[in-house]
Structures are given as C-alpha cells and as structure tokens.
1. Of the residues B:Leu198, B:Leu182, which single one is touching a residue at least 60 places away in the same chain (Cβ under 8 Å) and out of contact with any His (no Cβ under 8 Å at 6 or more places or on another chain)?
2. Which of the residues belonging to the range B:164-183 are open to solvent by less than 60 Å² (accessible area, probe 1.4 Å) and either within 8 Å of chain C (Cβ to nearest Cβ) or of a type in the set (Gly, Ala, Ser) (or both)?
3. Go through (1) surrounded by fewer than 18 Cβ atoms within 10 Å (Cβ to Cβ); (2) at pLDDT 95 or above; (3) not aliphatic (A, V, I, L, M) and name the single condition A:Arg152 misses.
4. Give me the strands (runs of 3 or more DSSP E) completely within the range C:32-149, filtered to those with at least 3 residues that are touching a residue at least 24 places away in the same chain (Cβ under 8 Å), ordered by residue number.
5. Please go through the range B:68-88 and give me each residue that is crowded, with 24+ Cβ neighbours inside 10 Å and of a type in the set (D, E, K, R), ordered by number.
6. Sort through C:Pro214, C:Pro156 and tell me the only one that's in a loop (DSSP other than H, G, I, E, B), away from chain B (no Cβ under 11 Å) and modelled with pLDDT of 90 or more.
7. From the list C:Ala231, C:Ala224, which one is at pLDDT below 90, part of a helix (DSSP H, G or I) and open to solvent by less than 20 Å² (accessible area, probe 1.4 Å)?
8. Taking the condition more than 10 Å from chain B (Cβ to nearest Cβ) and within 21 Å of A:Pro166 (Cβ to Cβ), does A:Ser2 pass?
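The values are calculated or read from the model by the stated rules, or taken from the named source; none is laboratory data. These numbers were taken from a predicted model, which means no experiment stands behind them. Here Cβ is always computed from backbone atoms with ideal geometry, including for glycine, and neighbour counts include all displayed protein chains. All accessible areas refer to the heavy atoms of the entire protein, side chains included, with ligands and DNA or RNA removed. Shrake-Rupley method; radii C 1.70, N 1.55, O 1.52, S 1.80 Å.
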Amino acid sequence: MSRLAGNNLRLRRGARAILNGIDMLVVTGEVVGLIGPNGAGKTTLLRALASLLPVDAGSVTLDDAGVDTLSATERARRIAYVEQSGTAAWPVSVVDLVGLGRLPHGRGLQRQSAADDAAVLTAMRATGTDALADRSIDTLSSGERSRVLLARALAGRPEILLLDEPVAALDPAQQLAVMELLQRLAGEGMGVIAVLHDLSLASRFCHRLVLMHEGRVLAEGTPDAVLRDEHLARAFAIQPLRGAADGQAFVLPWRRLK
Amino acid sequence: MRAMPALLLACAAFSALSLCMGPHGFAPGIVAQALAGEETGRLILIELRLPRLLLGLLVGGTLGLAGATLQGLFRNPLAEPGVIGVSGCAALGAVIAFYTGVSTMLPLGLPLGGVAGALIAIMVLLALASRDPRISTLLLAGVALSALASALTALALNLSPNPYATVEVVFWLLGSLSDRSLEHVFLALPFILAGGALMLACGRGLEALTLGEDTARSLGISIGRLRRLAVIGVAFAVGASVAVTGAIGFVGLIVPHLLRPLVDHRPAPLLLISIPGGACLTLAADIAVRLIGGEVELRLGVATALIGAPFFLYLVLNLARRAP
Amino acid sequence: MRRSRTGTFLLAALLAILSAPASAQEKPQRIVSLNLCTDQLLLDLAGRERIASVSFLAADPEFSAVAEKARGVPANRGLAEEIVALKPDLVLAHKYAGRQAVAMLLRLGVRVVEIDLPQDLAAVMAQIAVVAEAVQEQERGRAMIAAIEQRLAALPPAAEPRLTAAIYEPSGFAFGANSLADAILRAAGYDNLAARLGVGGYARLGMENLLANPPDILVVDDTAADRRSMAQEFLDHPALRQRFAGERRVAVPRRLWICGGPSVAEAAALLAQARVQRR
C-alpha cells in the first residue's frame with residue numbers, strides 16, 4: 001500500500017497565499033475528490049503533489065519518504081499526472097500517444113517491449129479507446145481526447161493517479177464511465193486524486209472529499225461530512241438540493257445565496 | 001522509419017550527381033579523369049567538388065536535424081534556425097571572428113564565433129518563449145533578431161578595412177557551398193558531430209514534450225536538461241555550419257514538415273530522418289544553382305528561399321486556419 | 001600599333017583642349033582628384049602645394065602605388081558636398097565613378113577633366129598626357145612617358161612559344177582581353193590565359209575552369225593577406241596552392257596593375273623577371 005501526502009504545503013504569489021498550510025493525503029485503494037470554487041488552489045495543489053511546482057514550505061512524501069529523494073524516473077513510474085484539457089503538439093496516433101506513458105519504464109524510442117504493448121492495450125481497453133488506436137489525436141472529439149490522455153497515464157501503471165478535471169469535457173455517459181473506471185482502478189489498488197467540479201459525481205463516486213477554499217482545507221472526510229450546507233454556503237455560496245437513489249445520497253447545486 | 005532506406009538512397013544518388021557537377025552544369029569527365037589518376041582531375045575532384053559535397057551533406061543534415069529539434073522544443077512547426085534568427089546571429093558571430101582576425105589567431109575561432117552567435121540567439125528566444133509561449137511571439141522575436149543580426153553583420157563588414165568585405169554580406173546572409181575547401185570541412189566537423197549527438201539525445205524528451213511541459217515533467221523528463229541539450233546542440237552544429245557556408249535558410253523548415261507524416265508525426269524518429277532529408281534537399285539545391293549557372297554563381301540561400309518562403313507562407317496560412 | 005597610338009594621342013589632346021579652352025595657360029592651384037587613378041598621376045605630376053585633395057584610396061598601400069606621397073594630403077570620398085567645399089579650380093575624375101558629384105561640379109562651372117579606363121599601353125600614355133596638360137605640367141608628363149617606354153623597351157624579349165599567365169584576383173576574378181592588365185601581361189612576354197578562355201575585361205574565372213586549364217604562371221597579390229576577407233581567402237584555397245606552387249605562383253602587388261602610370265612598367269618588369277626565372 002502506498003500513500004502520497006502533502007504536509008503543511010505553503011505557496012505565496014506576491015501578497016496572495018495560494019496554498020496556506022495544506023495537508024493532503026491519498027492512499028492506494030481510494031478515490032479522493034478535490035473540490036472547491038475556482039481559484040481555491042486545487043490545480044496548484046495537484047501540481048505541487050506531482051512535483052511540478054516548487055512550494056515555499058512543506059513537503060510531499062510518498063510512503064513517508066520525500067518525493068525529492070526519488071529519481072525523476074522512479075517518481076514518474078509511481079505517480080502519474082494528467083493536466084486539465086491537455087493537448088498534443090503534433091497529430092500523433094492514439095496508440096503512440098498512449099505509449100508515451102511507458103517512457104518512465106525505459107521504453108525504447110523505436111521498439112516497444114511486449115510488456116509495453118500489453119500495458120498500452122490494457123490502458124486503452126480500460127478507457128474504451130482501443131477502437132481509436134490508429135486515429136490521429138487531432139481528429140478526436142474532446143471527450144475522446146480526455147479518455148486517451150487518461151489512458152496515457154494508466155499505461156504507466158502508476159500507484160498514484162493525479163487528475164485535473166478528468167470529466168470536464170465529457171458527456172454524461174462518458175462522465176459516468178470515467179468515474180466508474182476510477183472506482184475500479186482504486187479497487188485494483190491505485191490511489192486517485194481527481195479535481196472535480198460536479199458535486200453530484202463527487203458525492204457519488206469518491207471515497208473521501210477535500211474541500212478547498214482560499215488556499216485552505218475547509219473540510220475533509222466522507223462526502224456526507226464535507227458536503228454539508230454550511231460548507232457549501234461558505235465555499236460556493238450555494239444551497240444544495242439533496243436526494244437519494246439506489247441507497248446512495250447525492251447533492252446537486254440548487255440555489256445561489258446572496 | 002520505413003522512409004529511411006529511400007532517403008539514404010536519394011542521398012547517395014544526389015552525392016554522386018553532385019560530384020559530377022561542374023560550375024556550369026553536368027561535367028562527369030572530371031570524375032573519370034580523377035579515377036584514371038590524372039592530376040587535374042584529382043585536384044578538382046578532391047579539393048573542389050568533394051569539400052562541396054561533404055559540406056552539403058554535413059550542413060544540410062545539420063539544418064534538417066536542427067529544424068526538427070527546434071520544432072519539437074518550441075512545439076511549433078514554424079521554428080527553424082533561419083526563421084527564428086539563430087542562423088543570422090551565427091553569421092554575425094562568424095563575421096566578427098573572421099574579419100577581426102580572431103579566426104587566424106585562434107585555430108577554431110571561426111566556428112566558435114558562429115557557435116557563440118547562435119547560442120546567444122537561442123537563449124534570448126527561450127527566455128522570451130518561457131514568458132509568452134505563443135507562436136506569433138516566437139516568430140516576431142525571430143524577425144527582430146534576424147533584422148538586428150543582418151544589420152550588425154552589414155555594419156561589421158562596413159567597418160572592416162578590406163574593401164571586398166562590404167559585398168561579402170551576400171555570402172553570410174544567403175550562404176554558398178562553392179569554392180570551400182577541406183579545411184572548412186575539418187573546421188566545422190567536430191562541432192557538427194558533437195552538436196548532432198546532443199540533438200539526437202533530445203529524442204525522449206521531445207517525445208514527452210508532445211504533451212506539454214507539465215506532462216513531460218510528470219513523465220520524469222527534466223525540461224532544464226532537455227533545453228540545455230537542444231540549445232547547445234543546435235548552437236554547436238548550426239553555428240559551425242553557418243561559419244563555413246553562411247546562412248542557408250528554410251531547409252530546417254521544409255524538411256521536418258515534409259517528413260513528419262512519414263514517421264507518424266513522432267518527434268524522436270523525425271530527428272533521425274531529418275538528417276538525410278536535410279542533406280538531400282541541400283544537395284539538390286546546390287546542384288540546381290550549378291545547373292542555372294552564370295559566372296558568379298547563384299547563392300544557395302536564394303535557391304532554398306525560392307522553395308522555402310512560399311512554403312512558409314503556406315504553413316502560416318494553414319496554422320491560422322486551424323487555430324482561429 | 002604605332003599609328004593607333006598616335007591616333008589616341010591626338011584624340012586625347014583634342015579632348016583635353018575641348019574641356020579646357022579658356023584657361024590653358026594658368027596653372028590650377030586647387031586641384032582635386034576623385035579617383036585612385038587620377039590621384040596617382042596627380043601626385044606624380046603636380047607639386048604637393050597645388051593638390052587640395054585626393055581620394056581616400058590614394059593613401060592605401062594595397063591599391064595605391066604612391067601611398068607614401070599621398071600621406072598628409074586631405075582625402076575625399078567623392079561626395080559632391082565635400083568637393084564643392086574645397087573650392088577646386090580643377091577636378092580630375094574617372095568616367096565611371098562619382099557621376100553625381102561631377103554633374104554638380106559642372107553645373108557650378110568647375111573645370112572637370114575625365115579619364116577613361118585604359119585598355120592598352122597607348123591609352124595609358126595618352127592619359128598621362130591629358131592629365132599633364134590639365135595640371136600644366138607637360139614637361140613632367142613627357143618625361144614620365146619616356147621613362148615608362150624606356151623601361152618597357154628594356155624588358156627581356158619574349159620567347160616563343162609564349163608562357164601563359166593569369167592575373168587572379170580576390171573571389172576568382174581575372175583580367176581578360178581589353179584590359180590594362182592584359183596589356184601588361186603581353187608586354188611582359190606572356191599569353192593571357194584568361195583572354196584565351198574568353199574572359200573579357202574584368203570578369204569571374206571559376207576555380208575549376210582555371211584548374212582544368214592551368215596557366216604556366218598564376219599572378220596573385222599576396223600582400224593583402226593580413227586584411228581578412230572571404231574574397232582574399234579564396235586565393236588561399238588549397239587547390240590553388242597545390243596546383244600553383246613555388247615559382248608557378250608569382251606575387252605582384254595589385255596596386256601596380258590597377259591604374260595607368262609608371263607602375264605599369266614596374267609590373268611588367270616583375271612579371272618578365274618571373275618568366276625568365278621560370279625558363
């Protein structure tokens with residue numbers, strides 16, 4: 001079991017504290033939803049956890065060892081990161097793009113090993129992109145592209161998966177498919193942090209939620225504990241509509257508060 | 001990579017043809033004379049046509065590879081040593097080294113001057129690109145750098161005490177392979193080989209960079225190291241090339257663009273295949289200028305610009321259409 | 001040959017008279033020369049005190065055979081404004097250079113005497129006479145012509161078949177038929193290879209062409225090697241160095257064959273000497 005933790009992370013940009021002493025944890029086997037209004041610092045936190053952004057203070061640890069003690073390759077093998085609305089500079093084919101996920105595993109530039117091929121195929125099947133294998137990335141719809149970029153991250157078979165708004169560009173069916181996939185991946189032993197804007201998806205599919213507001217963690221815990229009225233009022237200035245189906249509670253943003 | 005054997009074959013064919021070209025067109029008699037052991041033939045083949053061929057291969061390969069490297073690094077199909085001002089600054093560096101006599105005092109002064117000029121240009125561009133990654137910014141900065149470099153080159157030549165220097169701005173800005181010697185080949189060779197090796201080592205990094213800097217770094221690629229490799233590699237190879245043949249434009253633009261579909265648009269194999277591609281295009285252009293003839297030969301850069309500039313326009317229009 | 005020389009003489013004298021009908025007797029006191037070739041004749045023929053200015057090239061030892069004499073003489077770059085400011089009473093110019101300055105000087109009523117590019121030795125003599133006449137130093141002019149003719153007459157006679165030679169200039173330019181350098185080569189007892197290869201006047205002769213049709217002697221100015229240029233470096237090409245090694249490469253300073261004047265005889269003497277050594 002692996003655990004990725006951000007400990008008391010702080011980052012200032014000028015007078016503004018973007019991360020103001022944040023603790024964040026994900027362990028293998030769980031899907032953690034990172035929610036909060038725009039500008040709360042979600043993407044910054046995710047990038048800090050992925051070692052893409054130096055922080056002013058605090059540390060990121062993987063299994064209690066600082067990630068900076070790992071080699072870049074080792075880190076890349078264990079932690080995958082998918083940026084928000086990522087694009088490809090060149091119209092490469094889907095199978096080649098997913099294959100880039102094998103780079104940390106020393107994939108040769110010309111030839112992929114059988115293990116590489118197997119990992120790429122598994123990742124494409126899991127994301128339902130195997131039928132697109134030979135298509136060029138710039139011919140895909142934005143939903144297809146999101147799933148391909150997710151497949152790219154899965155191809156590296158990481159322990160921890162960091163996703164910045166993985167369902168933003170997807171239609172409802174695809175959103176459900178991706179969230180189900182994340183749950184399945186967690187069940188197979190991956191730890192997932194996903195930045196989400198959709199509170200109903202967050203409440204349904206995440207094991208835990210972390211609600212960020214103005215660079216701090218406003219609330220953390222089970223969806224029920226985090227999505228309380230006073231938290232939503234403070235963070236989003238909304239009043240939710242609550243319901244239940246199939247024995248599961250869900251939350252919908254319903255009314256703006258003045 | 002399926003195209004590699006065909007490109008190598010084309011290179012060999014152009015090489016053979018290049019050796020058979022006299023200054024006024026096809027003249028294969030010299031090769032026969034040289035093979036028969038005749039002195040005049042040997043002299044012309046070994047001391048005139050061979051250096052011309054070798055420089056065409058080396059410099060053409062360099063420009064193709066540098067174009068592919070810069071396009072991958074800037075994630076921009078319009079990046080090219082000439083267009084973004086790297087060649088112009090290399091020419092300025094070489095001009096300063098040559099006309100001040102540094103190149104006579106220092107054995108490698110000439111290529112080092114070109115390398116220094118190229119290095120400064122790419123550093124400036126990278127600094128700009130990191131602040132504002134838009135394609136237009138890069139191109140406009142390149143235009144400004146090119147204009148500045150050619151103005152300073154003309155100024156340096158004007159200040160030279162030698163009255164011939166003033167007209168030599170044409171050589172430096174448009175390039176030529178004619179009447180170069182094996183000395184020029186040996187002068188540039190170590191820098192071109194070293195720079196080429198550094199650029200080829202960028203393959204993995206450029207592949208990862210297809211998905212942007214953040215994703216590349218999350219894949220374990222050090223962007224800083226990748227930049228250093230690419231910048232020093234391009235500066236070494238292009239700087240030394242320009243120092244011995246002048247700035248030959250557009251090869252680095254045309255070649256990677258034409259070859260990209262043949263390698264499924266992947267940056268790493270594109271690097272490798274752009275070497276014979278650049279060599280082929282440069283040799284073909286150099287054969288063309290000799291076919292056109294004239295006592296004072298057409299500059300090679302004129303020939304490559306005649307193909308390259310319309311091509312560049314086409315690319316700009318195409319990109320504008322794709323990203324409204 | 002003799003008849004054409006006399007003809008040119010007469011024509012030149014006529015031209016000189018036509019361009020200066022009024023003040024033939026008065027010696028001009030503020031003479032300005034716009035061109036390297038008139039510079040040199042002027043510095044040789046007229047007293048230093050009557051020379052107001054010569055061109056900037058006159059003091060450049062690479063191009064001027066009288067660079068020493070030009071030292072201290074105000075230099076000009078042939079711009080109309082600077083010439084007018086000198087208030088010259090005689091301007092010597094070349095037919096193919098500084099046309100705008102000359103046009104303005106003529107409008108201002110300044111007396112201008114122009115010379116042409118000499119294409120043979122007779123034209124050189126005629127030119128000397130024209131300039132001597134213009135500066136009112138006819139006696140010195142006649143002496144100069146006599147000295148040149150004497151020196152040319154004393155050259156060792158040409159041996160048949162003649163050796164071939166080419167004067168090879170930076171960037172691979174050569175002097176062909178109808179050029180002063182061609183006349184000098186012939187006077188020195190050579191066949192001019194460039195003329196035989198069809199080069200007319202001053203034109204490019206490619207290195208490959210030269211190597212394929214090598215002259216017995218390659219004449220190159222190696223004195224300017226310290227002033228770097230691609231053009232000069234061209235003459236250092238290993239192929240030329242190999243093909244024309246030792247006595248086959250003769251160094252003659254460029255300044256001796258650019259303009260008509262006493263330097264012509266010196267160039268011919270150096271070339272004839274090289275020919276004798278080579279035989």
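1. Numbers: B:Leu198 fails: touching a residue at least 60 places away in the same chain (Cβ under 8 Å).
The unique qualifying residue is B:Leu182.
2. Selection gives B:Tyr164, B:Ala165, B:Glu168, B:Phe171, B:Gly175, B:Ser176, B:Ser178, B:Asp179, B:Ser181, B:Leu182.
3. Going through (1) surrounded by fewer than 18 Cβ atoms within 10 Å (Cβ to Cβ); (2) at pLDDT 95 or above; (3) not aliphatic (A, V, I, L, M) one by one, A:Arg152 breaks only (1).
4. Values: elements: C:51-55, C:90-94, C:112-115.
Those strands (runs of 3 or more DSSP E) span C:90-94, C:112-115.
5. Residue satisfying the conditions is B:Glu80 alone.
6. On the way: C:Pro214 fails: away from chain B (no Cβ under 11 Å).
Only one candidate passes the filter, namely C:Pro156.
7. Numbers: C:Ala224 fails: part of a helix (DSSP H, G or I).
Of the residues listed, the single one that is at pLDDT below 90, part of a helix (DSSP H, G or I) and open to solvent by less than 20 Å² (accessible area, probe 1.4 Å) is C:Ala231.
8. Values: more than 10 Å from chain B (Cβ to nearest Cβ): yes; within 21 Å of A:Pro166 (Cβ to Cβ): yes.
Taking the combined requirement at face value, the residue satisfies it.
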